[in-house]
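To keep things clear, I will list the structure first and then write my remarks on it.
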Amino acid sequence: MSKLAWWQRGVVYQIYPRSFQDTSGNGVGDLQGVIERLAYLNDGTERSLGVDAIWLSPFYPSPMKDFGYDVSDYCNVHPLFGDLATFDRLIEEAHKRGIRIIIDYVPNHTSDEHPWFIESRSSRDNPKADWYIWRDPKPDGSPPNNWGSVFGGPAWEWDETRQQYYFHQFVVGQPDLNWRNPEVKAAMFDVLRFWLERGVDGFRMDVIGMIIKHPDMPDQPWLTDVDPNLPENAIYWRQEHIYDQDQDDVHQVLREMRALLDEYGDTVGIGELFYSLPRWVKYYGEQGDELHLPFNFRLIDHLPVWDAQQARRIVDDVDGAVPPFGWPNYVLGNHDQPRVASRFGAEQARTAAMLLLTLRGTPTLYYGDELGIPNGDIKPEQKVDPWGIQMGVKYTRDVCRTPMQWDDSPYAGFSNVEPWLPVTPDYRTRNVAAQDKDERSMLNLYRRLLWYRKGSAPLYGGSYQAVDTPHADVFAYLREADGERIFVALNFGDEERTVSPPSRGQLVLSTALDRAQGVTNEVKLRPYEGVIIELG
Ligand code: NOJ
């Protein structure tokens, strides 16, 4: 096996800073809280989770119209979360423990309170007049084209001073930057440099495929087959996105970004992208010179129900599509999606953990999934997420952003005052302290899987090959490196299934954490059980 980079071999853990650990006593998590929980993430022993990198969702100054994805200063820390000195300490403390720091980079849009936008909107001829996407109205005064905002309604907002519309792919307070302007590109590249100089190890790049739009911004075609339950204002969701994103010339910008990252050595660029497989693979770059990891959301977007054959199809397709110089990655949850334990069920979530941590490619975990936290119970009047409020749909992203559950004290050890979102009701029994003591808990399953993966060349770096079994509800595969072979068999169903590994082997880990039997050439999987077998 060739030498692997840390971001290939390792496991990433996403922290939503507002919800991880509050140390300042204001009900919102902060960077000091992350520092204080580093030992939980990796203290070098198997009593800790054992992750290799943290991805921090935005902690920048922001009016919080989209909870930090509306940035008003890219080179600072919001006082809610701390300050630059705390960030520097976080880097130092994390690096001491061998934990890399990946930060969120939000290049598509700023906040409308960013000084760049304030200047840009002040007149049609100021130095930053062309830093955002401004267009004249149509002769009848209506917006320049039919594009919709991801968060509902048209993507254009009228500005009285300029007597023009500005474009916002997300909320009104998130104007899109004009990346076709070289000054914008230079300023945003300086942002990357600012953080790389401070020692960050990489970036998760928000909606990176959207930063370049078709220069003429033509109307987009309407989809003919749309979900009848889509709310009236969901214009974006009724269109074919052929001009507002995934334009061929975005790849030139990504090559330049990659060259910049490469100047700083062993860094990683992870991009948020939602495209079809053939479009998605292009983001690795034709020569492997763009993103290290185009985020792969297929186990979220293409697995609406817990189905072994569908999971296999997804993994086979992804594994087959990634170019030889590329590296796959998988993810089951994040700060936008319903919790994995609620999507698939509590027992299924254990099997899902084994799936995620035994595939070929970098896994990204979402905070709290290691405890099996379900969707939060958010009453309509408790909604704060702009998507949940503006789209008029039942789902709100607040459900997956509830505070981390550390112990059974009031507010779950997250804070000593009422948190910004309610703690999930099951926190008295589902928390780190309780699961730490329970040898068969979800937390201990995650720890075992992570540490086992770390020591297993086939798992962190080997090849992947699906294995047929007689059962449609079993997904099985071989992982192989340097002559070592691992067989993974996952029972997605609620019935017992017997499977035979390709040769005799040793069962080393079960999702139930209650057996590690001797040499076997047949294994009986209980409902939702997954096993790892080392082949002889
Ligand atoms: C994608 C992020 O994951 C989401 O949370 C955010 O609202 C939008 N991009 C806009 O930045």
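Where a number appears in this text, it was derived from the coordinates with a stated rule and is not lab data. Quick caveat: nothing in here was measured; it's all calculated off a predicted structure. Note that we place each Cβ from the backbone using ideal geometry, even for glycine, and neighbour counts take in every protein chain shown.
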Beyond a 31 Å Cα-Cα separation, which of these cross-linked pairs lie in this structure: Lys383/Lys454; Lys3/Lys213; Lys454/Lys524; Lys138/Lys394; Lys65/Lys213? Lys383/Lys454; Lys3/Lys213; Lys138/Lys394
If the chain between Ser2 and Glu381 were fully extended at 0.36 nm per residue, the gain over the current Cα-Cα distance would be 131.1 nm
So, counting K/R as plus one and D/E as minus one, what does the shell of residues with Cβ under 13 Å around Arg9 add up to? +3
Under 14 Å from the Cβ of Gly148, count the other residues' Cβ atoms, weight Lys and Arg +1, Asp and Glu -1, and hand me the total. -4
What number, rounded to the nearest 500 deg cm²/dmol, is the helix-based mean residue ellipticity at 222 nm of the chain, given -39500 (n - 2.57) per DSSP H run of at least four residues and division by all its residues? -7000 deg cm²/dmol
Between Arg313 and Trp237, what is the label-point separation in nm under the 7 Å Cα-to-beta-carbon projection? 2.3 nm
Give me Ser111, Ser62 ranked fewest to most by other Cβ atoms within 10 Å of their Cβ, as a rough exposure proxy. Ser62, Ser111
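Can you classify the chain as rounded, prolate or oblate using the Cα gyration tensor, where a ≥ b ≥ c are the square roots of its eigenvalues, rounded means a/c under 1.5, and otherwise it's prolate if a/b beats b/c and oblate if not?
Working: a/c = 1.69, a/b = 1.53, b/c = 1.11.
Prolate.
Could you pull out the GluC sites (Glu not before Pro) across the range 154-225 that fall in loop regions by DSSP (anything but H, G, I, E, B) with no more than 15 other Cβ atoms inside 10 Å? Spell out each step's value before the answer.
Values: sites: Glu157, Glu160, Glu183, Glu197; in loops: Glu160.
When the GluC sites (Glu not before Pro) of the range 154-225 are filtered for loop state and at most 15 Cβ neighbours within 10 Å, Glu160 remain.
Grab the beta carbon distance between Phe189 and Asp514, set R0 = 60 Å, and tell me the FRET efficiency rounded to 0.05.
Values: r = 53 Å, r/R0 = 0.88.
For Phe189 and Asp514, the calculated efficiency is 0.70.
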Antiparallel DSSP beta bridges within the chain, percent to nearest 5: 60 percent
Using a 10 Å cut-off around each Cβ, can you sort His302, His78, His471 from fewest to most neighbouring Cβ atoms? His302, His471, His78
Over its alpha-carbon atoms, the range 257-392 yields an Rg and a Dmax in Å of 16.7, 50
Exposed-site-free run, longest, the chain (rule: trypsin sites (Lys or Arg not before Pro); DSSP loop; at most 15 other C-beta within 10 Å): 199-393
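Need the full-extension length gain, Asp468 to Asn181, defined as separation in residues times 0.36 nm minus the C-alpha distance. One decimal, nm.
Numbers: separation 287, 0.36 × 287 = 103.32 nm, distance 5.25 nm.
Taking 0.36 nm per residue and subtracting the Cα distance, the gain is 98.1 nm.
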Hey, quick one: spin label on Arg9, modelled 7 Å out along Cα-Cβ, who in the range 453-472 has an amide N within reach, i.e. under 15 Å? 453-462
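Taking R0 as 35 Å, what's the FRET efficiency between Gln506 and Val305 from their Cβ-Cβ distance, rounded to 0.05? Mind dumping the intermediate values first?
Numbers: r = 33 Å, r/R0 = 0.94.
E(calc), rounded to 0.05, equals 0.60.
Considering only the other residues whose Cβ falls under 13 Å of the Cβ of Pro221, what net charge follows from Lys and Arg at +1 and Asp and Glu at -1? Don't skip to the end; give the middle numbers.
On the way: positive: Arg238; negative: Asp219, Asp225, Glu240, Asp244.
Around Pro221, the surrounding residues sum to -3.
Grab the Cα-Cα distance for Cys75 and Phe274, subtract it from 0.36 nm times how many residues apart they are, and report the gain in nm with one decimal.
Gain on stretching Cys75 to Phe274: 68.9 nm.
Determine, for Val191, Val531, the number of other Cβ atoms within 10 Å of each Cβ, and report the residues in order from fewest to most. The partial results should precede the final answer.
Details: Val191 18, Val531 28.
Ascending Cβ contact count within 10 Å gives the list Val191, Val531.
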With label points set 7 Å from each Cα along the Cα-to-Cβ direction at Glu92 and Leu260, the distance between them in nm comes to 2.7 nm
